[in-house]
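So the structure is just underneath, and the comments pick up after that.
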Amino acid sequence: MSLRAPSSTSHGTLERQVLPVLFALTGLLILPFAARRFMHGEVGVGAVDLLVISMFLFLGWNTHRTGEYRRSGAAIPFLAFPWILWLAWHQGPVFAYWAFPAMVATFFVLAPLPALATTVGAWLALGATLWNALPSINLAILMGTLLLVPGFTYVFATRSRRFAEELEHLSLTDSLTNAGNRRALDARLAQELALLARAKRQIALLVLDLDSFKKVNDSLGHAAGDQALIKVSELIRGQIRACDGFYRFGGDEFVIVAPDTTCDGAMALAEKLRSMVETHGGIEALPLTVTIGVADVRAGESLEDLLRRVDDALFSGKRSGRNRVHVAD
């Protein structure tokens, strides 16, 4: 077995990719209106438009530069709706149509429930602003169609978020054992090391490799081998804490990430798991054992060095006769 450090990945989320473009397009769309106002002597209104354009462009640049999209995205409704309300009050009801794209954008950058509350609040404020500015029938048509936007978009956003969460779970989970997969392990290791760099804490890593597992597949078939993996994973999951991460690295190899755990604590856990697999992990007439490599994360240690140490510990246990726990140097 050979553990590799997770490769670095760029900010690839949809929000990080789309938001800078959205900010830039919004600024460019407003720019002709600002130019027109200056041409017609409406300097004050044009200056407000330029201020809004500058803020949108700055947020887009900041999102592109830092990759931090949550705060920048959350600023959209609190920047756009006051500007729209001011335009509708100062320039006329026709500018209320800017509220349609602003409402849709709000659901893109906020969670469905906060987005619904924000857009309904903006809808009420816009209705109060336009109350005496339009004939009753025109106001009812405008406000009625505007209200449909948060209603339908909330339903769509809620269903989309649920599907996204289900897909994310599937992408991070081993389908056979329900343990986390390699992608989930990479993310957890990166997270733990980032926390370790900011705060003094102890983290232990356990790598478990089933001994001579090929004999199970060869003697009893792959279906029996799958059942053995499921059985072992259930035994392991029953002995670790909720805060511990449990991952199937591939084949017959598993990894446990144990935060706030000393090396002695990790050794005790590993010995308990080794004994339990030896006693209860067999499938049909074939016994099953496990060799476990243990390492604690040292201050200033790189991820590559950590993975190399725990990998060496596992191989040392294998060379020493299998069915044992070996701690890294």
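The values are calculated or read from the model by the stated rules, or taken from the named source; none is laboratory data. Quick caveat: nothing in here was measured; it's all calculated off a predicted structure. Positions of Cβ are generated from backbone atoms using ideal geometry, with glycine treated the same way; all protein chains shown enter the neighbour counts. For accessibility, only protein heavy atoms count, side chains too; no ligands or nucleic acids. Shrake-Rupley method; radii C 1.70, N 1.55, O 1.52, S 1.80 Å.
Looking only at region 119-161, count how many residues are within 29 Å of the chain's Cα centre (by Cα) and hydroxyl-bearing (Ser, Thr, Tyr).
5
Here are the criteria: (1) at pLDDT 90 or above; (2) assigned to a strand (DSSP E or B); (3) open to solvent by 10 Å² or more (accessible area, probe 1.4 Å). Tell me which single one GLY265 does not satisfy.
Going through the list (1) at pLDDT 90 or above; (2) assigned to a strand (DSSP E or B); (3) open to solvent by 10 Å² or more (accessible area, probe 1.4 Å), GLY265 breaks only (2).
Right, VAL21: free of Cβ contacts under 8 Å to residues at least 60 places away in the same chain, farther than 19 Å from TYR97 by Cβ and among the β-branched types (Val, Ile, Thr) or not?
Details: free of Cβ contacts under 8 Å to residues at least 60 places away in the same chain: yes; farther than 19 Å from TYR97 by Cβ: yes; among the β-branched types (Val, Ile, Thr): yes.
Here the answer is yes, as VAL21 does meet what is asked.
Return a yes/no flag: does region 313-325 have any residue that is over 17 Å from PRO259 (Cα atoms), part of a strand (DSSP E or B) and not hydroxyl-bearing (Ser, Thr, Tyr). Spell out the reasoning first.
First, pick out the residues of region 313-325 that are over 17 Å from PRO259 (Cα atoms): 313-325.
From what is left, the residues that are part of a strand (DSSP E or B) are 325.
Right, trim to not hydroxyl-bearing (Ser, Thr, Tyr) and you get 325.
Yes - at least one qualifying residue is present in region 313-325.
When you check ALA133 against the structure, is it over 30 Å from PHE249 (Cα atoms), in a loop (DSSP other than H, G, I, E, B) and open to solvent by less than 60 Å² (accessible area, probe 1.4 Å), yes or no?
Details: over 30 Å from PHE249 (Cα atoms): yes; in a loop (DSSP other than H, G, I, E, B): yes; open to solvent by less than 60 Å² (accessible area, probe 1.4 Å): yes.
Yes; evaluated as a whole, the condition is true for this residue.
Within region 162-204, can you find the residues that are more than 18 Å from the chain's Cα centre (by Cα) and either closer than 17 Å to GLU304 by Cα or modelled with pLDDT under 85 (or both)?
Residues of region 162-204 that are more than 18 Å from the chain's Cα centre (by Cα), as a first pass: 175-178, 196-204.
Of everything in region 162-204, those that are more than 18 Å from the chain's Cα centre (by Cα) and either closer than 17 Å to GLU304 by Cα or modelled with pLDDT under 85 (or both) turn out to be LEU196, ALA197, ARG198, ALA199, LYS200, ARG201, ILE203, ALA204.
What number of residues in region 164-196 are in contact (Cβ under 8 Å) with a residue 12 or more places away in the chain and in a loop (DSSP other than H, G, I, E, B)?
Number satisfying all stated conditions: 7.
Counting just the residues of region 58-73 that are surrounded by fewer than 17 Cβ atoms within 10 Å (Cβ to Cβ) and not hydroxyl-bearing (Ser, Thr, Tyr), which one comes out nearest to ALA111 (Cα to Cα)?
Restricting attention to region 58-73, the residues satisfying the condition of being surrounded by fewer than 17 Cβ atoms within 10 Å (Cβ to Cβ) are 58, 61, 65-68, 70-71.
Now restrict to residues that are not hydroxyl-bearing (Ser, Thr, Tyr): 58, 61, 65, 67-68, 70-71.
Values: PHE58: 23, TRP61: 23, ARG65: 24, GLY67: 19, GLU68: 16, ARG70: 11, ARG71: 13 Å.
My answer is ARG70.
Among the listed residues LEU51, LEU25, LEU79, identify the single one that is touching a Phe, Trp or Tyr at 6+ places or on another chain (Cβ under 8 Å) and either modelled with pLDDT of 85 or more or not aliphatic (A, V, I, L, M) (or both). Before you say what the answer is, go through the steps one by one.
Values: LEU51 fails: touching a Phe, Trp or Tyr at 6+ places or on another chain (Cβ under 8 Å); LEU25 fails: touching a Phe, Trp or Tyr at 6+ places or on another chain (Cβ under 8 Å).
Result: LEU79 is the single residue among LEU51, LEU25, LEU79 that is touching a Phe, Trp or Tyr at 6+ places or on another chain (Cβ under 8 Å) and either modelled with pLDDT of 85 or more or not aliphatic (A, V, I, L, M) (or both).
Looking only at region 233-249, which residues are open to solvent by 30 Å² or more (accessible area, probe 1.4 Å) and not in a loop (DSSP other than H, G, I, E, B)?
Matches in region 233-249: GLU234, LEU235, ARG237, ARG248, PHE249.
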